[in-house]
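Read the structure below first, then the notes.
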Amino acid sequence: SKAPVRVTVSGAAGQIGYALLFRIASGQMLGADQPVILQLLEIPDEKAQKALGGVMMELEDCAFPLLAGMSAHGDPMTAFKDVDYALLVGARPRGPGMERRDLLSANAQIFTAQGKALNAVANRTVKTLVVGNPANTNAYIAMKSAPDLPAKNFTAMLRLDHNRALSQLAAKTGKAVGEIEKVCVWGNHSPTMYADYRFATVGGQSVKDMIHDDAWNRDVFLPTVGKRGAAIIEARGLSSAASAANAAIDHMHDWALGTNGKWVSMGIPSDGSYGIPEQTIFGFPVTCAGGEYQLVRDLPIDAFSQERINKTLAELEEEKAGVQHLL
Ligand code: NAI
């Protein structure tokens, strides 16, 4: 049987953590033959650590055969020791009266410290997924704080937007969600993201031709996908946690185990393609194989798409400029 791999989850006692850990431990992320050791990070605060202890009691009570060990941490330097997969979920939420600038700088502190810890103690091949918002900028900060690790090891989660787009397209076309291919989401994980179905197919047929309605794209589809998070908070009274955890599972699963040629969306450091400045963590279409993601290159970008890409890039560049002095 396989040797266990180490998985660190930060924000492990939070909402997403609660929907995520049990699925990692059951094998849904890395496969039914891959034992895992969970290294769970929370703030050192007594209440958070106590809650984390409760989650760990429940993990024990599941008696997962693949769960080869687990530990609780309040310090990233121990939490990331020898880690193979790091899911950075914990972040500072916007408090009452908190300005965007304060939010960015609070998160810059967290992700600088975590990036440095990864740099110092993680496995050199660590695959890092940032979920905590602002996810792209937090991933950028962690990457910049870990100069001894390959930049390509740092990614941000666009997969929830990708999955939301898939389900809206399935509903619109009346097709099964699993039959739709070549959807992608460009840019920032924020309402400015650009979900793009120009290349999408279902059973070899063009989704764009099937829908044949640019106004629906602009006025219904994009706002629905972009504001889905707010719609869920409005309906549930809490932010989306199960679907966010599901997207994190999908992202890591596909990165580690491959997509068999299928496109998925990941926030990855740009290599300069599509006019996106190098190292900006931007949502792109990728395929995954052999534990690596590959950018889908040379797609044509029409005027409408360019305008959308410019807008989400401008937002990201502004966030980046807001934290540059803290790096
Ligand atoms: P939550 O507030 O329920 O849990 C967050 C947990 O992180 C808390 O237990 C907190 O104590 C912990 N935490 C905060 N700072 C930490 C640090 N420095 N180190 C370790 N743990 C820390 O929040 P929830 O619902 O679990 O969401 C987590 C994050 O994910 C939020 O930033 C949210 O905006 C983001 N999110 C991102 C999505 C995406 O698609 N990229 C989708 C949904 C949520």
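Screening ASN133 on (1) part of a helix (DSSP H, G or I); (2) crowded, with 20+ Cβ neighbours inside 10 Å shows it passes everything except condition (1).
Would a scan of the range 190-199 turn up a residue that is of a type in the set (Val, Ile, Thr), in contact (Cβ under 8 Å) with a residue 24 or more places away in the chain and in contact with a strand residue (DSSP E or B) (Cβ under 9 Å, 6 or more places away or on another chain)? Within the range 190-199, not a single residue is of a type in the set (Val, Ile, Thr), in contact (Cβ under 8 Å) with a residue 24 or more places away in the chain and in contact with a strand residue (DSSP E or B) (Cβ under 9 Å, 6 or more places away or on another chain).
Checking every residue in the range 89-98 against the condition of being more than 14 Å from the ligand (Cβ to nearest atom) and modelled with pLDDT under 95 gives at least one match.
Look at the range 49-66 and say how many of its residues are exposed (fewer than 12 other Cβ atoms within 10 Å of the Cβ) and not in a helix (DSSP H, G or I). Adding up the residues that qualify gives 2. Residue-level analysis places VAL225 outside the set of residues that are within 15 Å of the ligand (Cβ to nearest atom) and closer than 21 Å to THR128 by Cα. Each residue in the range 168-209 was checked for being of a type outside the set (D, E, K, R), out of contact with any Lys or Arg (no Cβ under 7 Å at 6 or more places or on another chain) and not in a strand (DSSP E or B), and 17 pass.
Is one or more of the residues making up the range 175-186 under 29 Å from GLY322 (Cα atoms), crowded, with 20+ Cβ neighbours inside 10 Å and of a type outside the set (Val, Ile, Thr)? Looking for residues that are under 29 Å from GLY322 (Cα atoms), crowded, with 20+ Cβ neighbours inside 10 Å and of a type outside the set (Val, Ile, Thr), one finds at least one in the range 175-186, hence yes.
Name every residue in the range 237-251 that is near the ligand (Cβ under 8 Å from one of its atoms) and more than 13 Å from the chain's Cα centre (by Cα), in order of residue number. Answer for the range 237-251, where residues must be near the ligand (Cβ under 8 Å from one of its atoms) and more than 13 Å from the chain's Cα centre (by Cα): LEU238, SER239, SER240. Here is the figure for the range 1-17: residues that are within 14 Å of the ligand (Cβ to nearest atom), outside any loop (DSSP other than H, G, I, E, B) and surrounded by 17 or more Cβ atoms within 10 Å (Cβ to Cβ) total 5. Against the test of being at pLDDT 95 or above, surrounded by fewer than 21 Cβ atoms within 10 Å (Cβ to Cβ) and within 22 Å of ARG308 (Cα to Cα), the options ASP213, ASP196, ASP161 yield a single qualifying residue, ASP213.
Scanning the range 119-130 for residues that are buried (at least 22 other Cβ atoms within 10 Å of the Cβ) and not in a loop (DSSP other than H, G, I, E, B), we see that the one that is farthest from the ligand (Cβ to nearest atom) is LYS127. Of all residues in the range 144-167, those being more than 16 Å from the ligand (Cβ to nearest atom) and either in contact (Cβ under 8 Å) with a residue 40 or more places away in the chain or part of a helix (DSSP H, G or I) (or both) number 4.
When every residue of the range 93-112 is checked against the conditions, none turns out to be within 24 Å of MET266 (Cβ to Cβ), of a type in the set (Lys, Arg) and either over 19 Å from the mean Cα position of the chain (by Cα) or assigned to a loop (DSSP other than H, G, I, E, B) (or both). What is the number of the single condition among (1) surrounded by 24 or more Cβ atoms within 10 Å (Cβ to Cβ); (2) within 16 Å of the ligand (Cβ to nearest atom) that PRO191 does not meet? Of everything listed in (1) surrounded by 24 or more Cβ atoms within 10 Å (Cβ to Cβ); (2) within 16 Å of the ligand (Cβ to nearest atom), PRO191 misses just condition (1). Note on the range 33-48: residues that are within 16 Å of the ligand (Cβ to nearest atom), over 20 Å from the mean Cα position of the chain (by Cα) and not in a helix (DSSP H, G or I) amount to 3. LEU30 satisfies every condition listed in (1) under 22 Å from ASP250 (Cα atoms); (2) within 19 Å of the chain's Cα centre (by Cα); (3) within 16 Å of the ligand (Cβ to nearest atom) except (3).
Looking at this structure, is ASN138 under 30 Å from LYS50 (Cβ atoms) and within 16 Å of the ligand (Cβ to nearest atom)? Yes: the conditions hold for ASN138.
The values are calculated or read from the model by the stated rules, or taken from the named source; none is laboratory data. Here the structure is a predicted model, which means the values were calculated and not measured. Note that we place each Cβ from the backbone using ideal geometry, even for glycine, and neighbour counts take in every protein chain shown.
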